[in-house]
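> Please read through the structure below; I'll follow up with questions.
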Amino acid sequence: MAPVETPSPEESAGARGYWRWRKDDFFPEPSFASWAAYRAALGATPARLRDRFTGRSTDAAELGALRRRSENEMRRCLTWWDLTWFGFGSVIGAGIFVLTGQEARDHAGPAIVLSYVASGLSAMLSVFCYTEFAVEIPVAGGSFAYIRVELGDVAAFIAAANLILESIIGKAAVARAWTSYLASLMNKPASALRIHTSLAEGYNELDPIAVAVIAVTAALAMLSSKGTSRVNWVASAVHVLVIAFVIVAGFLHAKPANLTPFLPYGVPGVFRAAAIVYFAYGGFDNIATMAEETRNPSRDIPLGLLGSMSAITTIYCVMALALSMMQPYTAIDRSAAYSAAFGSVGMRWAQYVVALGALKGMTTVLLVGVLGKARYTTHIARSHIIPPVFALVHPRTGTPVHATALVAAASAGVAFFSSLKVLSSLLSASTLFIFVMMATSLLVRRYYVRGVTTRTHALRLVASLLLIIGSSVGIAVCWATSSPRRWQGYVVLVPAWAAGTLGIQLLVPMARTPKVWGVPLVPWLPSLSIATNVFLMGSLGKEAFVRFGICTAVMLVYYVLVGLHATYDVAHGACAGGEDDMVAAPDVHKAGAGSENINML
């Protein structure tokens with residue numbers, strides 16, 4: 001298809017300005033030019049799906065052509081210091097202060113500390129994968145961009161759908177928790193500040209305060225990335241002081257007897273809780289989206305990501321232990337655990353300090369969350385999966401104002417209706433699924449390069465990956481369904497996982513090495529990341545997968561009706577700048593060794 005004669009992005013920007021609301025700003029692709037064109041595009045859906053299944057992006061396309069579609073550059077103004085505090089600000093919030101009490105009471109008991117250890121180790125494995133990609137491909141798209149390069153266009157859409165779902169639900173969950181802690185600060189029940197209705201359980205408490213908090217943090221994020229960083233690190237520093245107080249005061253009132261029984265719900269309860277509290281670690285991927293605004297990504301991203309997450313994992317485990325030793329697990333408050341715990345030991349004044357600190361922490365989680373997720377959304381819009389108007393960067397602020405508003409508006413709508421319990425399990429399923437895709441992408445990146453990897457080695461890599469993923473799923477299913485926990489399945493499945501990993505190491509030569517920083521012990525650490533994340537997914541309840549499946553199905557319908565045709569047009573040069581976007585079927589673009597990952601088979 002020949003490229004359409006259209007003005008350059010710079011000419012268009014100068015003519016139209018930043019605020020655009022015309023149809024062509026949302027759907028500039030030829031497939032949506034008229035109803036006749038759209039009907040023709042729908043008729044070509046099978047062929048276009050085949051094309052997009054084999055389509056791959058490149059490092060160069062993500063760093064070049066896609067970034068130019070924002071018309072204005074994001075400002076490179078962040079350092080490792082900013083990223084480290086973004087790590088604290090994006091992670092420590094509703095998870096530790098709310099989910100700890102909920103999961104200790106309902107699933108893990110005092111062994112909630114082991115749940116944080118398990119989820120923390122799994123999170124650190126994913127952090128390694130994110131760090132290598134963020135150093136190699138420093139763009140705002142985060143895991144969406146990485147998966148698009150290594151696994152292709154359709155896999156990237158599935159990731160994008162879950163990223164958008166995660167961003168909306170994550171902000172909504174934190175905003176709901178913010179309201180609960182504000183009520184605690186005012187000596188009221190957790191739901192006292194919400195509007196009670198006769199709607200279905202889980203959706204019957206309307207939360208206008210959560211909507212207001214989302215709006216305020218989004219407005220701040222629109223103004224300046226560096227200004228947001230300053231606000232975040234000051235607030236996070238204060239928050240760390242509150243956490244230090246919680247830990248010290250908690251252990252001063254600790255009673256070892258409260259740790260008995262340590263496993264009231266057994267080992268399955270520990271892993272069920274670990275799958276839920278994984279939400280408390282989920283914000284670290286926001287740091288990867290800041291790569292495009294980082295002055296020295298190869299140095300600053302490893303320091304910011306690995307440094308902050310190591311410290312946060314330790315903090316979470318110590319805080320969970322302090323809570324478990326302050327009260328019997330049966331007395332822990334599900335909604336405002338730490339505030340209620342201090343009230344129970346006679347430190348009623350301390351519950352206000354804790355509640356205020358929790359509010360500060362959740363505010364920074366919302367602030368950094370909208371900052372990071374807006375950048376995800378920006379890069380997704382650059383690919384035209386969603387309307388490209390949301391890819392635009394404001395010329396004065398250097399921030400993606402449209403994308404920020406989109407994320408905030410959707411999150412506010414969900415937060416207004418849905419309870420934290422409904423949100424947290426769905427969020428964990430989405431997050432864990434993306435992390436599995438990330439670890440798989442890293443293995444593909446290291447062991448497959450078009451023009452270097454032979455067909456035989458590619459087949460061995462595919463077979464080994466299928467064995468790793470299949471055995472990981474089998475272990476998770478075996479754990480979830482065996483009663484009592486039978487050992488026979490693990491005798492087969494664990495060695496099968498090890499064989500798949502060893503197969504990659506011994507039978508597939510490494511085709512690419514990182515330029516600056518890389519994950520150690522490849523393929524073992526990425527393979528272990530796949531296994532642990534799949535295992536935690538298997539520990540979630542049935543309801544989480546039902547909601548996850550419904551949401552994913554709805555998004556796939558959107559892809560077939562809209563996203564598929566938009567990305568097809570762009571990949572084949574039918575839009576301005578599309579000819580530079582090397583996302584096409586294997587027979588469309590040919591590249592030399594190491595320049596493009598297309599199709600392993």
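> Among the residues of region 128-151, write down those that are aliphatic (A, V, I, L, M), surrounded by 24 or more Cβ atoms within 10 Å (Cβ to Cβ) and part of a helix (DSSP H, G or I).
The answer is A134, A145, I147, V149.
> If you don't mind, another one. I'm told R20 meets every condition in (1) assigned to a loop (DSSP other than H, G, I, E, B); (2) closer than 22 Å to A291 by Cα except one. Can you identify the failing condition by its number?
Result: R20 fails condition (2) only.
> Output the residues belonging to region 162-194 that are at pLDDT below 80 and open to solvent by 40 Å² or more (accessible area, probe 1.4 Å).
Residues satisfying the conditions are I164, L185, N187, P189.
> In region 243-283, what residues are without any contact (Cβ under 8 Å) to a residue 40 or more places away in the chain and open to solvent by 40 Å² or more (accessible area, probe 1.4 Å)?
A244, V248, L252, A257 - these are the residues of region 243-283 that are without any contact (Cβ under 8 Å) to a residue 40 or more places away in the chain and open to solvent by 40 Å² or more (accessible area, probe 1.4 Å).
> Can you name the residue in region 195-209 that is modelled with pLDDT under 90 and of a type in the set (A, V, I, L, M) and is also nearest to F390 (Cα to Cα) among such residues?
Selected residue: L206.
> Only residues that are open to solvent by less than 40 Å² (accessible area, probe 1.4 Å) and of a type in the set (S, T, Y): list them for region 490-531, please.
Correct list: T501, S527, S529.
> Taking interchain pairs and intrachain pairs at least six residues apart, which have beta carbon atoms under 8 angstrom, with the first residue in region 47-74 and within 14 Å of P395 (Cα to Cα) and the second open to solvent by 30 Å² or more (accessible area, probe 1.4 Å) and assigned to a helix (DSSP H, G or I)?
Pairs that qualify, where the first residue is within 14 Å of P395 (Cα to Cα) and the partner is open to solvent by 30 Å² or more (accessible area, probe 1.4 Å) and assigned to a helix (DSSP H, G or I), are R68/P9; R68/D580; R69/P9; E71/P9; E71/E10; E73/R67.
> Out of (1) modelled with pLDDT of 90 or more; (2) under 26 Å from A172 (Cα atoms); (3) not charged (D, E, K, R), the odd one out for G141 is which?
In the conditions (1) modelled with pLDDT of 90 or more; (2) under 26 Å from A172 (Cα atoms); (3) not charged (D, E, K, R), G141 misses (1) alone.
> Here are V238, V234, V154: which of them is surrounded by fewer than 23 Cβ atoms within 10 Å (Cβ to Cβ), touching a Phe, Trp or Tyr at 6+ places or on another chain (Cβ under 8 Å) and in a helix (DSSP H, G or I)?
V154
> So, in region 475-517, of the ones that are among the aromatic types (F, W, Y) and part of a helix (DSSP H, G or I), which residue ends up nearest to F128 (Cα to Cα)?
The residue in question is W497.
> What residue, of L99, L83, is modelled with pLDDT under 85 and either among the aromatic types (F, W, Y) or more than 16 Å from V570 (Cα to Cα) (or both)?
L99
> Then there's this: Quick one: which residue in A254, A291 is modelled with pLDDT of 85 or more and touching a Pro at 6+ places or on another chain (Cβ under 9 Å)?
Only one candidate passes the filter, namely A291.
> Residues of region 453-474 being under 32 Å from the mean Cα position of the chain (by Cα) and either part of a loop (DSSP other than H, G, I, E, B) or crowded, with 21+ Cβ neighbours inside 10 Å (or both), which ones?
T453, L461, S464, L465, I468, S471, S472
> Next up: Please list, ordered by first then second residue, the pairs with beta carbon atoms under 6 Å, 6 or more apart or interchain, first in region 143-157 and within 17 Å of K373 (Cβ to Cβ), second open to solvent by 10 Å² or more (accessible area, probe 1.4 Å) and part of a helix (DSSP H, G or I).
Hits for this filter: I147/A155; I147/M437.
> Please give the helices (runs of 4 or more DSSP H) falling wholly within region 284-400 in which 3 or more residues are surrounded by fewer than 24 Cβ atoms within 10 Å (Cβ to Cβ).
Where helices (runs of 4 or more DSSP H) fall fully within region 284-400 and carry at least 3 residues being surrounded by fewer than 24 Cβ atoms within 10 Å (Cβ to Cβ), they are 297-326, 337-344, 348-382.
> Quick one: what pairs do we get from region 345-360, first residue within 19 Å of M325 (Cβ to Cβ), second among the polar types (S, T, N, Q) and at pLDDT below 80, C-beta under 6 Å, 6+ apart or different chains?
Note: pairs meeting the criteria are Q351/S339; V354/S339.
> Please state which of the following conditions P520 fails to meet, knowing it meets all the rest: (1) part of a helix (DSSP H, G or I); (2) in contact (Cβ under 8 Å) with a residue 60 or more places away in the chain.
(1)
> Also: Does A118 satisfy the condition of being small (G, A, S), within 20 Å of F535 (Cβ to Cβ), open to solvent by 20 Å² or more (accessible area, probe 1.4 Å) and in a helix (DSSP H, G or I)?
So A118 passes the test.
The values are calculated or read from the model by the stated rules, or taken from the named source; none is laboratory data. Not measured: the values here are computed from a predicted model. In this analysis, Cβ positions are derived from the backbone assuming ideal geometry, glycine residues included, and neighbour counts consider all displayed protein chains. These area figures cover heavy atoms from the full protein model, side chains too; ligands, DNA and RNA do not enter into them. Shrake-Rupley method; radii C 1.70, N 1.55, O 1.52, S 1.80 Å.
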